[in-house]
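Notes for the one structure printed next.
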Amino acid sequence: FDFCQAEGKKRPSENLGQVLFGERIEPSPYRFTFKKEETCKPVCTKTYDTKKPEDKQKLDFLKKSMLLNYQHHWIVDNMPVTWCYDVEDGQRFCNPGFPIGCYITEDGRPKDACVINSEFHEKDTFYIFNHVDIKIYYHAVENEALGARLVAAKLEPKSYKHTHPDNPDCSGVPMDISNKANGEVKIAYTYSVTFHEEKNIRWASRWDYILESMPHTHIQWFSIMNSLVIVLFLSGMVAMIMLRTLHKDIARYNQMDSTEDAQEEFGWKLVHGDIFRPPRKGMLLSVFLGSGTQILIMTFVTLFFACLGFLSPANRGALMTCAVVLWVLLGTPAGYVAARFYKSFGGEKWKTNVLLTSFLCPGIVFADFFIMNLILWGEGSSAAIPFGTLVAILALWFCISVPLTFIGAYFGFKKNAIEHPVRTNQIPRQIPEQSFYTKPLPGIIMGGILPFGCIFIQLFFILNSIWSHQMYYMFGFLFLVFIILVITCSEATILLCYFHLCAEDYHWQWRSFLTSGFTAVYFLIYAIHYFFSKLQITGTASTILYFGYTMIMVLIFFLFTGKYIKPWLNVEFNFSVAQVN
């Protein structure tokens, strides 16, 4: 964007999380001195001659940004400069950004921020906010050298057509740019700043006014609570059905008096000699389980720290930094789990297993991320990851994560294989004809509905925070939803796998992984719906970026939802078969 630039000021350094999220902090030409108020101070004047192709391109780019409601995001003392305005029901919403400008359509309809000023009325015209009234609120501190602490920074965007850019008076008609404007267009940028003492806001709670004003917060709290109650109720039903059914089956089996009765039995008791038969593609399943363990522990620890307040919005990029560092350090559990399961499947290619655990899933994510970054480089975006940061990420992966994965795999293969309570038959049992509901695909599709039902409200907030630059701060609820998701995935999958075993289908390993893992497909469908219903993304590059990053999230979600169930099922079926024997 062709805005005023700060001369001779160095860019602030960002942490790893900010760089990965594309948050770049640029120095500002708006300079304040504490308690020194300014009125209509000029910053710079930009001149565009529409006859020159370069100037016309810059002006058209500015118009497009106003049409798509692009926002400025400013920071003072690590606090977002907010634009506060009244919304419905007398509430006041504080937006951590303000629009570049707005547009009046050809039929005279104001779009976005153009509704705030009745002077914005010219048809097919853009109005740029080239002036800001900034209010700095501070809290005086006693017995401290600092003297005062900033507790809020608010502004009000305005538009003025300065007739004398060198000596502006911030009055008169708004700065309009006709869509069919020809000739020379001058835009003078100015600002005013005032300081106000605020004794009631403490420095530690200075973010509260932003978080409390988030739109529809109270409605969403009610919706989240409602969702949690429904999920807890359904989880209780699944657990009750599971326990009652198993108890009844085991009790009936224990009451049998003769082997003839046992031979007449049917269902899951007939497949005990095949239940621990190694699955097809056991190598791939063990690798997925190892990577899923790594992501599961990373998510749990990250959300736990976020609940304690260490990863609040005030610590920019801290959430992403914490997640990446934890993922790198959790290579050992990934290698150990993959090796243990692969050995229990009877696998012998341990070198291939540890290499796939180290490189398959992380490699897919990095390749996707690298392709997205190439597109950002090609578009000249400031969100592109610098080459040095990419090298640093590769160094973390190859020099820390991979060796830790090898160490975990070493201990995993060194331990004895998991002992099964029954011998596996040499000849596989023939699987009878399956009904529609006990076939793999319908069961897998049905199994993902319940877990998705408990996360879709939180998913809306998370997607808003990523794509609409809204703050996400409800980590307590997210952690609770995460725990319920674990329970729901486990119970739903155990129940469905039990029904499949009753139909004498003993291929349960992949089915158990895919049933809860299918929640990721519903995640993808919801992300597609969100793209078309909530976002106004135009252009091929932006669309590819959205779906490219979405596929990374879907893969991660697939791995850690599928991971929940596998060890639980092993324990459950060990218990069930031991009861029969």
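The values are calculated or read from the model by the stated rules, or taken from the named source; none is laboratory data. Just so you know, these numbers come straight off a predicted model, no measurement behind them. Cβ coordinates were reconstructed from backbone atoms using ideal geometry, including for glycine residues, and neighbour counts include every protein chain displayed. Surface accessibility is based on the protein's heavy atoms, side chains included, excluding ligands, DNA and RNA. Shrake-Rupley method; radii C 1.70, N 1.55, O 1.52, S 1.80 Å.
Checking the a/c ratio against 1.5 first, then a/b against b/c, what shape does the Cα gyration tensor give for region 281-418? It is oblate, given that a/c is not under 1.5 and a/b is not larger than b/c. Peptides 337-347, 468-478 ranked from most to least packed give 337-347, 468-478, packing being the mean of other C-beta atoms within 10 angstrom over each peptide's residues. A cysteine counts as unpartnered when no other cysteine's C-beta lies under 4.7 Å of its own; in the chain this applies to CYS307, CYS322, CYS361, CYS399, CYS454, CYS489, CYS497, CYS502.
Taking only protein heavy atoms into account and a 1.4 Å probe, give the accessible area per residue of region 31-210 in Å².
Using a 1.4 Å probe on heavy atoms only, each residue of region 31-210 averages 56 Å².
Taking 7 Å steps out from each Cα toward its Cβ at GLN71 and SER465 produces label points 1.5 nm apart. Computed from point charges on the beta carbon alone (+1 for Lys and Arg, -1 for Asp and Glu), the dipole magnitude for the chain about its Cα centre is near 1340 Debye. A simple packing score, the average count of other Cβ atoms within 10 Å per residue, orders the peptides 294-302, 406-414 as 294-302, 406-414, with the highest score first. Average accessible surface for region 280-347: 38 Å² per residue, computed with a 1.4 Å probe over protein heavy atoms with every protein chain in place. Shape verdict for region 31-210, please, from the Cα gyration tensor: rounded (a/c under 1.5), prolate (a/b greater than b/c) or oblate. Prolate is the answer for region 31-210, as a/c is 1.5 or above and a/b outweighs b/c. Along the axis of the charge dipole computed for the chain (Cβ charges of +1 for Lys and Arg, -1 for Asp and Glu, origin at the Cα centre), the listed residues LEU285, SER118, GLN5 are led at the positive end by LEU285.
Of the solvent-accessible surface of the chain, computed with a 1.4 Å probe over protein heavy atoms with every protein chain present, carbon and sulfur atoms account for 60 percent.
Take 311-323, 39-51 and order them by the average number of nearby Cβ atoms within 10 Å per residue, most first; the result is 311-323, 39-51. Legend: calculated FRET efficiency, ASN167 to LYS51, from the Cβ-Cβ distance at R0 = 35 Å, rounded to 0.05, equals 0.80. Of the listed pairs LYS9/LYS51; LYS154/LYS186; LYS9/LYS111; LYS41/LYS111, which have alpha-carbon separations greater than 31 Å here? Flagged as over cut-off: LYS9/LYS51; LYS9/LYS111. Rolling a 1.4 Å probe over the heavy atoms of the protein chains gives region 367-431 an accessible area of 64 Å² per residue. Between amide H atoms placed 1.01 Å from N, distances below 5 Å from GLY101 occur with PHE129, all of them 5 or more places distant or on a separate chain. Simple rule: put +1 on each Lys or Arg Cβ and -1 on each Asp or Glu Cβ in the chain, find the dipole, and look at THR194, GLY17, HIS529; the Cα lying farthest toward the positive end is GLY17.
Legend: calculated FRET efficiency, PHE436 to LYS349, from the Cβ-Cβ distance at R0 = 30 Å, rounded to 0.05, equals 0.20.
Rounding to the nearest 20 debye, state how big the charge dipole of region 31-210 is about its Cα centre with +1 on each Lys and Arg Cβ and -1 on each Asp and Glu Cβ. About 440 debye. Among MET320, TYR342, CYS307, flag the residue with its Cα farthest along the positive direction of the charge dipole of region 281-418, charges on Cβ as +1 for Lys/Arg and -1 for Asp/Glu. Highest projection toward the positive end goes to TYR342.
For ALA152, the residues whose amide H sits under 5 Å from its own are TYR137, ignoring neighbours fewer than 5 places away on the same chain, with H placed 1.01 Å from N. Between helix 387-396 and the chain there is an angle of about 30 degrees, using the helix long axis and the longest principal axis of the Cα atoms.
On the beta carbon distance between LEU360 and PHE499, with R0 = 35 Å, the FRET formula returns roughly 0.65. For the chain, the longest principal axis of the C-alpha atoms and the axis of helix 53-67 are separated by about 60°.
Given their separation in residues at 0.36 nm each and the Cα-Cα distance between them, GLN426 and VAL141 gain 94.6 nm when the chain is fully extended.
Using only side-chain charges placed at the Cβ, +1 for Lys and Arg and -1 for Asp and Glu, the dipole size of region 281-418 relative to its Cα centre rounds to 560 debye. For the Cα atoms of the chain, what angle does the longest principal axis make with the long axis of helix 350-379, in degrees from 0 to 90, nearest 10? Helix 350-379 sits roughly 20 degrees off the main axis of the chain. One Cα centroid belongs to region 475-547, the other to region 29-46; the line between them spans 51 Å. Over the chain, the reciprocal of the mean inverse Cα-Cα separation, the Kirkwood hydrodynamic radius, stands at 27.9 Å. By the gyration tensor of its Cα atoms, with a ≥ b ≥ c the square roots of the eigenvalues, what is the shape of region 310-366: rounded for a/c under 1.5, prolate for a/b over b/c, or oblate? The shape class here is prolate.
Distance between the pseudo-spin-label points of ALA314 and VAL229 (7 Å out from Cα toward the beta carbon): 3.4 nm. 3J(HN,Hα) along region 483-493: 4, 5, 4, 4, 5, 5, 4, 5, 5, 4, 6 Hz, from the Karplus curve 6.51 cos²θ - 1.76 cosθ + 1.60 with θ = phi - 60°, whole Hz, x for Gly and Pro.
Our coupling estimate for region 270-284, obtained by passing each phi through the Karplus curve with A = 6.51, B = -1.76, C = 1.60 and θ = phi - 60°, is 7, 9, 5, x, 10, 5, 9, 5, x, x, 5, 6, x, 4, 5 Hz, Gly and Pro reported as x.
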